[in-house]
1. Residue farthest toward the positive end of the dipole of the chain, with Cβ of Lys/Arg at +1 and Asp/Glu at -1: which of Phe200, His180, Met1?
2. Using the heavy atoms of the protein chains and a 1.4 angstrom probe, tell me the accessible area per residue for the chain in square angstrom.
3. Might you work out the accessible area of Val63 for me, using a 1.4 Å probe with all protein chains in place, and round it to the nearest 10 Å²?
4. Tell me what the chain gives for mean residue ellipticity at 222 nm when only DSSP H runs of n ≥ 4 count, each as -39,500 (n - 2.57), the sum divided by the residue total, rounded to 500 deg cm²/dmol.
5. Compute log10 of I(q)/I(0) for the range 91-161 with the Debye formula, placing one identical point scatterer on every Cα and leaving out solvent, at q = 0.24, 0.28 Å⁻¹, to two decimals.
6. Would you kindly state how much longer the chain becomes between Ala158 and Asp38 on full extension, computed as 0.36 nm times their sequence separation minus their alpha carbon distance, in nm to one decimal?
7. With every protein chain left in place and a probe of 1.4 Å, what is the accessible surface of Ser11, to the nearest 10 Å²?
8. In the structure displayed, which of Lys6/Lys74; Lys111/Lys186; Lys74/Lys111; Lys48/Lys91; Lys67/Lys145; Lys4/Lys67 lie more than 24 Å apart, Cα to Cα?
Amino acid sequence: MLVKTKAIVISTLKYQEKSLIVKCFTLSDGLKSYFVRDAFSSRKVSQKIAYFQPLTLLEIEAVHKNKGTLESFKEIKIATPYHSIPTNIIKSTLVLFLSEILHHSIQEEEKNEALFLFLEAALLWLDNHNEIANFHLILLLECTKFFGFYPDVSQSDAAFFEMTEGVFSPFQAISTLTAHETKLLKKLLHLKFDDQAKTFHVVERQLLLKIMMDYYSFHLDGFRRPKSLDILKEVFS
């Protein structure tokens, strides 16, 4: 079946010397993996390797056989070119980190239009703004709405956050955050991308990042901490 859709590049895997396997999150069909023959050959102008950088926004025409095998592209173009992400070390590091997060988090191969539109809007916001110190934290938290484990805020006046159940509790236990950590999480719950980047100190951001990685580990089977996590910490230190 020939499909025209928007797609977000999630990951790439080099195959042999010149080819690629590209995993994309598509608007029309959710996760799809594509085989790109001779991706590193200059003759393949329509399938330049530059198209497959992490979280690039594409418009594609592809053949979807939907048989659990690799699909194939017919046409590819950039949907919206990034202006600052490729040249800004902080933004490009954020994008690398978030692509790894999504690679290990989007596990169901089915359409999720709401998640796609959220990610597309968030990436365009990142490309067009400079106050981005909290961007990854907000995005990680917002994504849990689509993954099914956004914190239950009905008892958010309670002093502790219980990680395994995703609820606030008046009682401290092995699986709860400390009172200080819980206060930081509550503050993050109210943040939007446009809010002041100075909401947290560097140490608080590092702590919140650890909390979010632990929270994802609790709720997503097979979740792996990104290899780029240490690079991200260094960039924001």
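1. Of the candidates, Met1 comes out farthest on the positive side.
2. Heavy-atom SASA per residue in the chain reads 53 Å².
3. It works out to around 40 Å².
4. -11000 deg cm²/dmol
5. For the range 91-161 at q = 0.24, 0.28 Å⁻¹, log10 I(q)/I(0) is -1.17, -1.39.
6. 37.5 nm
7. 30 Å²
8. Pairs exceeding the cut-off: Lys111/Lys186; Lys67/Lys145.
The values are calculated or read from the model by the stated rules, or taken from the named source; none is laboratory data. From a predicted model like this one, the values you see are computed outputs, not experimental measurements. Positions of Cβ are generated from backbone atoms using ideal geometry, with glycine treated the same way; all protein chains shown enter the neighbour counts. Surface areas here come from the heavy atoms of the whole protein model, side chains and all, with no ligands, DNA or RNA. Shrake-Rupley method; radii C 1.70, N 1.55, O 1.52, S 1.80 Å.
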